[in-house]
Structure formats: C-alpha cells, structure tokens
1. How many times 2.2 N^0.38 Å is the alpha carbon radius of gyration of chain B?
2. Let me check I've understood the local charge: for B:Val186, count other residues with C-beta under 11 angstrom from its C-beta, Lys and Arg +1, Asp and Glu -1. What total comes out?
3. Starting from a label point 7 Å past Cα on the Cβ side, list the distances from B:Asn25 to the same position in the other copies, nm, shortest first.
4. Using a 7 Å offset from the Cα along the Cα-to-Cβ direction at both A:Val41 and A:His73, what is the distance between the two label points in nm, to one decimal?
5. Mind checking the full-extension length gain between A:Arg168 and A:Glu117? Use 0.36 nm per residue of separation minus the Cα-Cα distance, one decimal, nm.
6. If you keep only loop residues by DSSP, which GluC sites (Glu not before Pro) in the stretch B:66-151 have at most 14 other Cβ atoms within 10 Å of their Cβ?
7. Compare B:Val41, B:Val151, B:Val19 in a GNM of chain B, Cα atoms joined below 10 Å, and give the one with the largest fluctuation.
8. Go ahead and run the numbers for FRET between B:Gln194 and A:Asp214, Cβ-Cβ distance against an R0 of 45 Å, rounding to 0.05.
2 protein chains.
Amino acid sequence: MNQRLMDVPNAPSTRAATVLEELRNAVCNGQFAPGERLHEVRLTEQLGASRTPVRAALQKLASEGLLDHAPNHGYRMREFPVAEIVYAFELRAVLEGLAARLAAERGLSSEHQRLLEQSLYDGDRLLSRGVLIEGDRAAYSTINTCFHQTVHAAAGSRMLQDMVRLCRQVPISSPRMIVEFEYRDVRRRHDDHQRVFEAILGREAWRAEMLMRDHVMYLKTAMIRSLPTRAAAIELRYSPEEASPE
Amino acid sequence: MNQRLMDVPNAPSTRAATVLEELRNAVCNGQFAPGERLHEVRLTEQLGASRTPVRAALQKLASEGLLDHAPNHGYRMREFPVAEIVYAFELRAVLEGLAARLAAERGLSSEHQRLLEQSLYDGDRLLSRGVLIEGDRAAYSTINTCFHQTVHAAAGSRMLQDMVRLCRQVPISSPRMIVEFEYRDVRRRHDDHQRVFEAILGREAWRAEMLMRDHVMYLKTAMIRSLPTRAAAIELRYSPEEASPE
DNA sequence: TGGGAGCATTTTGTATACATAAATGTTTGA
DNA sequence: TCAAACATTTATGTATACAAAATGCTCCCA
C-alpha cells in the first residue's frame with residue numbers, strides 16, 4: 001500500500017520550517033546581492049518570527065552552501081561566479097550519471113518503472129503535436145523532474161539524492177538563465193530520456209551512465225550558450241589562482 | 001606569501017563550534033547506536049553547554065546527513081547500512097574523478113603542483129625501504145590526505161570539495177573498517193597517485209578522471225574485502241524496494 | 001480482558017533577556 | 001592634521017523561561 005497518501009502536502013508544521021522555506025526562496029531567487037549581509041533582527045521583522053527560527057534557517061542554508069558564515073560576523077549571501085554555476089552542472093552530470101548506473105545495476109522496482117514509463121508517455125503526448133504551445137513549458141518541466149527524480153530514487157542512495165538536490169538549487173544569479181525551449185531542443189532531451197530508460201531497463205549500466213551524463217552535459221552547454229554577455233563567457237576561461245590550498 | 005600561517009590551528013572561538021566538533025566526533029565514532037535518540041537536555045549536561053549551541057550542532061549534523069530529524073520528534077542517529085557505505089565510495093569515485101579532470105583542464109597553480117610533488121616525494125621515501133614499520137600507517141595517511149585534498153582544491157569548486165568531505169565522514173559503523181596496509185597495497189595506491197599526477201600535469205583530462213576514479217574504486221573493493229561477516233556481504237545483494245519514491 | 005479517554009510527564013519549539021564580541025564614532029594628544 | 005585610545009552602539013552568541021506538542025501512564029468502562 002501507499003503509505004502517507006493522505007498527508008497534507010508539505011504543510012510546514014513549525015515556524016522554523018516556514019521561515020526556512022521563505023528564506024530559501026528569497027535566497028534562490030536572487031533577493032540578496034552577493035556578499036550582502038543577512039541581519040538576524042532585520043529578517044526577524046521581515047519574516048514575523050523570533051530570532052530562534054530565523055537563526056535555524058540561516059544555519060541550514062549556510063550548511064547547504066548558499067550562505068557564508070563567520071563566527072561573530074553573521075551570515076552573508078554567497079557569491080556564485082559563473083564558473084561555480086558551470087561546476088554545478090559538471091557535478092550534476094557525474095552524479096546523475098552515477099544514479100543511472102546504480103539504477104541499472106540494481107534494477108527497477110515496478111513502481112519506479114511505472115513512473116518512468118508514465119513520464120515518457122506524457123512526454124510523447126506533449127511532443128506529438130509537432131509544436132509547443134503556451135503552458136507546455138511548465139508541463140514539460142514537471143515531466144522532466146519526475147523522470148530525473150525517479151532515477152535518483154531508483155539508485156537507492158540518499159546521499160546521492162541530497163547531493164543532486166544541492167546542485168539544483170544553486171542560484172542562477174546574474175543572467176536569469178532561460179534554458180532554450182524550442183521544439184527541437186525538447187525533442188532531443190526527451191529522446192535522451194527514452195534511451196536512458198532503455199539502458200536502465202536493459203541493465204546496461206555503463207551505457208545508462210554515459211547517456212545520462214551526456215544528457216546533463218547537454219543542459220550545461222545550453223546554459224552556457226544562453227549567457228547574455230561575452231564577459232560571462234570570458235569569465236569561464238578561468239585560470240588557477242595562486243592562493244594557498246585548504 | 002603564505003597568509004594565515006600563524007593562526008592558532010582551528011581554535012573553536014564559540015561554544016557552538018566546540019560542541020559541534022565534540023558531537024561530530026562522537027557521532028562518527030559510533031558512540032550512538034543506529035536509530036538512537038539524541039535528547040537535547042541530556043547532551044546539554046554531557047557537553048556542558050546550554051540547549052542553544054547543542055541545537056545548532058544537531059541541526060548542522062542533520063543537514064550533513066548524519067542525523068535524522070522530524071519536527072517535534074527530535075534527532076535520531078541515522079542508520080548506515082553497508083549498501084549506503086558502499087554508495088559513499090561510489091560517490092567519492094565519481095566526485096574525485098571529476099576533481100582530477102577539472103584540475104587537469106584548469107592546470108595546476110605552482111603551489112598546488114609543489115604540494116602534489118611533495119606528497120609524492122614523501123611517499124617515495126616512505127616506500128623506499130621496501131617494508132613498512134610502526135608509524136608508517138599514520139604517516140602515509142597524512143601524505144595520502146594531502147595529495148587528495150590538493151587535487152580537490154585544484155579543481156576550484158567549493159561545492160565539489162564539500163561533497164567529497166560529506167562522503168568521507170560517513171560513519172564506518174559496524175565493522176570498524178580497517179583498510180589493508182600491506183606494502184604491496186600501499187605501493188599500488190602510491191603508484192596510482194603518481195599516474196594521476198602525471199595525467200593532471202600533462203593536461204590529459206579524461207585520463208586523469210579515469211585513473212582517479214579507479215583509484216577510489218580500488219579502495220571500495222578493499223573495504224568490501226575487509227568486511228568481517230558473510231552476512232554483511234550478502235546485505236550488498238540488495239534488491240530494489242517496492243517503496244513509493246519521493 | 002481489551003480498549004480508549006484523559007491526565008501527567010517529557011521533550012521539543014519559541015521568544016526573549018542577558019553576555020560578549022565587533023564595528024563605529026568621538027575625543028584627546030602629539 | 002593625523003592617529004591612537006576610549007566610549008558607544010550594534011549585532012551576534014548564550015542561557016533560560018515559557019508554550020505547545022508528543023509520549024506514556026492510569027484508570028475507567030464496556
């Protein structure tokens with residue numbers, strides 16, 4: 001049986017959870033400039049809760065890598081240079097590649113298989129018209145998320161799931177990254193999904209890994225293509241700093 | 001110049017930092033049984049601080065994945081089945097592989113190159129006797145850590161470094177994993193380092209990734225070999241659960 | 001005997017007062 | 001005019017009191 005079917009979806013029971021959710025949204029949507037300080041008392045007024053839950057939220061976000069914290073100096077918004085955003089995609093690529101491989105090695109549960117087939121079917125239907133219309137963007141995003149999350153779940157490692165989540169919540173700060181959404185592009189991504197699914201189902205571990213990895217790398221290149229200024233692209237030709245390690 | 005050379009090494013300035021350090025050690029060394037509850041007040045007495053810093057430490061450890069937390073139900077020690085520990089090695093393998101590739105793509109700073117050469121030189125010296133003596137274990141551990149951390153730093157991604165750190169602090173609970181420490185074994189690992197370094201220095205990105213990845217996978221197999229009971233090994237022939245995803 | 005309602009206890013969540021450290025601004029001396 | 005030291009302000013760290021939720025227990029009743 002499906003446990004927890006009747007749960008109220010994500011009703012934050014405690015004030016700490018509410019505050020955390022609001023703060024995370026604010027942080028991820030670029031409400032704070034890089035390096036900006038987040039004063040506890042100011043947030044207190046802004047969020048309508050005492051310092052305790054606010055501090056809890058700040059600590060959590062800091063440990064997720066979104067904020068910086070120095071003892072007795074409070075929290076600051078982290079800076080996310082373009083290079084770090086690109087690295088997040090590289091990380092996702094190897095992590096999701098690993099997830100696909102593990103899923104192939106373990107095999108799919110019937111429920112996971114059903115979910116994957118469902119999302120492939122929905123994608124087929126969406127693309128069957130040959131053109132994309134208003135609202136398809138959100139619909140495909142849902143389908144896409146379902147496919148990926150199911151693969152992560154099928155890999156069976158909580159740590160892996162957590163890490164992918166961390167990669168995905170990196171604030172795409174400056175250039176409000178708009179991933180391309182032309183028919184050809186979505187078609188390509190959907191075909192990728194199809195192949196990954198076949199590889200997992202056929203227990204072709206190595207192939208599943210490579211396909212998924214390249215699938216995410218494709219997103220990376222799309223993101224880089226969408227960078228508005230040439231300056232951002234130049235920022236990517238980083239060179240190693242002479243800073244001392246660790 | 002080397003900045004921060006005269007720092008007192010890791011003197012935890014605040015009580016919260018002290019408590020966090022102590023609690024993390026306790027948790028990682030298996031002081032708590034899987035599923036055991038960690039009462040705030042009890043820890044308060046045990047650690048000699050009020051609930052505030054204790055709670056902060058608990059929250060941090062929970063967000064690192066070492067503890068579980070349910071609102072109004074407190075914190076519990078997480079369970080780490082053998083499979084999850086093996087997954088941690090798989091994760092390390094792909095993450096450190098990525099680190100080696102990025103280091104090769106970016107190129108080494110002179111300081112990073114120096115550190116890598118130093119650790120290789122030290123390893124050579126340690127192994128030149130042809131046998132291992134008392135104390136070599138700790139010495140090689142230091143050398144090994146230096147090599148790996150330098151590669152991570154050379155990759156230039158903080159998120160990557162954080163994730164590797166998470167992988168490395170998984171509590172090796174049940175079978176107090178003793179990695180083999182025979183001469184042949186250490187020799188092999190040292191040779192791996194040598195090759196990885198050459199690949200990075202020669203900007204052979206793909207080769208660096210594969211070599212590092214396999215280097216860590218070798219550790220994984222050594223760990224599995226060292227599992228005491230056959231029961232643990234059987235535990236690895238996991239099959240997908242029929243649980244509902246997400 | 002079994003089950004459940006209701007109270008007591010325990011434990012966590014929240015607010016807040018106080019302590020302490022940083023940052024700021026001002027005064028004073030050369 | 002500048003700088004160093006002191007005083008003031010501000011912000012974070014810590015402790016604790018109170019509120020609310022969960023747990024466990026007793027006792028009653030069918």
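1. 1.13
2. Neighbourhood net charge equals -1.
3. 4.3
4. Taking the simple label geometry, A:Val41 and A:His73 are separated by 2.1 nm.
5. 16.0 nm
6. B:Glu79, B:Glu134
7. B:Val41
8. Result of the calculation: an efficiency of 0.90.
Just so you know, all these numbers are worked out from the coordinates, no wet-lab data involved. Values in this document were obtained by computation on a predicted structure and should not be read as measured data. Backbone-built Cβ (ideal geometry, glycine too); neighbour counts: all protein chains shown.
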